[in-house]
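First the structure, in the form of structure tokens, and then the observations on it.
The values are calculated or read from the model by the stated rules, or taken from the named source; none is laboratory data. Since the structure is predicted, the reported quantities are computational estimates derived from the model, not experimental observations. Heads up, the Cβs are rebuilt from the backbone with ideal geometry, glycines too, and the neighbour counts pull from every protein chain shown. For the accessible areas, the whole protein counts, side chains as well, though only heavy atoms, and no ligand, DNA or RNA atoms are used. Shrake-Rupley method; radii C 1.70, N 1.55, O 1.52, S 1.80 Å.
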Amino acid sequence: ERLLSFLRGIIGAKSYQKANDFYIVIKNCLFKFIIGYFWLFVITFFQLLFGFLLLGIKHFVALAFLVAFLDLLPIIGTATILIPWSIFMFFIGNFSMGLGLLLLLVFIVVVRSYAEPKIIGKQMGINLLFTLVFIFVGLRFGGFLGMLILPITLTALFNYYRQKYNGTDV
């Protein structure tokens, strides 16, 4: 409390209040971002779970969890796991498993391309196109960390502006 009081004295009460308001908005955006990707994880997990079960893959629960978790990482995704696995299955002569993995991937990609804009856009309260541009710019200029920080920060700024100047609570 003494540190906050000292900081308030240095930057002024008005600036401190604006910074505190922005902190609250960015915290809410981060929470909403995490919730949105949690739901995408759940959807992908159940798709993989049922797909692996239908394909007769051993340890299908653990594998579905692992692949769904890796899908959360922007660079890896399900295709990075399922395509090489499918190619290996074709290579060793298990054509039905290879084809099944490819069909599962197609199903996941189709559902994901429909669900992601709806879920993330709804959670973040901003057009998904802007969020995707923010992710791309963040990745380009800040690498993996920039890809995480820039979209959340810019979305928070947008929501802060909308909350303060348009009277809309986000």
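Please state the relative contact order of region 1-125 as a whole percent: Cα pairs under 8 Å, 6+ residues apart?
Details: 79 pairs, mean separation 33.5, N = 125.
Here the relative contact order equals 27 percent.
Based on C-alpha pairs under 8 angstrom that are at least 6 apart in sequence, region 82-149 has a relative contact order of 16 percent. Set the Förster distance to 30 Å, then compute FRET efficiency between TRP39 and SER5 from the Cβ-Cβ distance, nearest 0.05. Rounded to the nearest 0.05, the efficiency is 0.15.
Apolar share of the accessible surface for the chain: 74 percent from carbon plus sulfur atoms, 1.4 Å probe. Annotation: per residue accessible area for region 128-167 equals 64 Å², rounded to a whole number [probe 1.4 Å, protein chains only].
Against the main long axis of the alpha-carbon atoms of the chain, helix 13-55 sits at an angle near 10°. Need the full-extension length gain, LEU157 to ILE87, defined as separation in residues times 0.36 nm minus the C-alpha distance. One decimal, nm. Length gained between LEU157 and ILE87: 20.7 nm.
Region 1-37 to region 92-170: how many Å between their Cα centroids? Centre-to-centre distance over Cα atoms comes out at 25 Å.
By how many nm would the segment from VAL137 to GLN17 grow when fully extended, if each residue of separation counts as 0.36 nm and the alpha-carbon distance is taken off? Using 0.36 nm per residue and subtracting the Cα-Cα distance, I get 40.2 nm.
If you run the Gaussian network model on the chain, springs between alpha carbon atoms under 10 Å, then out of ALA13, ALA79, ALA62 the most flexible one is ALA13.
How far, in degrees from 0 to 90, does helix 128-165 lean away from the longest principal axis of the Cα atoms of the chain, to the nearest 10? Taking Cα atoms only, the helix is inclined about 50 degrees.
Considering only ILE24, ILE120, ILE152, give the residue with the highest GNM mean-square fluctuation for the chain, with springs between Cα atoms whenever their separation is below 10 Å. With Cα springs under 10 Å in the chain, the top fluctuation among ILE24, ILE120, ILE152 is at ILE24.
For the set LYS118/LYS164; LYS58/LYS118; LYS18/LYS122; LYS27/LYS122, the pairs lying more than 22 angstrom apart at their alpha carbons are LYS118/LYS164; LYS58/LYS118; LYS18/LYS122. Along the charge dipole of the chain, pointing to its positive end and built from +1/-1 on Cβ of Lys, Arg, Asp and Glu, which listed residue (TRP85, ILE149, PHE38) has its Cα farthest out? Working it through, the farthest residue towards the positive pole turns out to be ILE149. A dipole drawn for region 1-129 from +1 and -1 charges on Cβ atoms has a positive end, and of PHE65, PHE95, ILE24 the residue lying farthest that way is ILE24. Between the Cα long axis of helix 2-11 and the first principal axis of the chain there is an angle of about 70°, rounded to the nearest 10.
Distance between the modelled labels on LYS27 and ILE75, one decimal in nanometres: 3.2 nm (7 Å Cα→Cβ projection).
Taking a label point 7 Å from the Cα of ASN94 along the Cα→Cβ vector, which residues of region 52-77 have an amide N closer than 14 Å to it? Of the residues in region 52-77, 52-60, 63 have backbone N under 14 Å from the label point off ASN94.
Taking a ≥ b ≥ c as the square roots of the eigenvalues of the alpha carbon gyration tensor, the chain is prolate, as a/c is not under 1.5 and a/b beats b/c.
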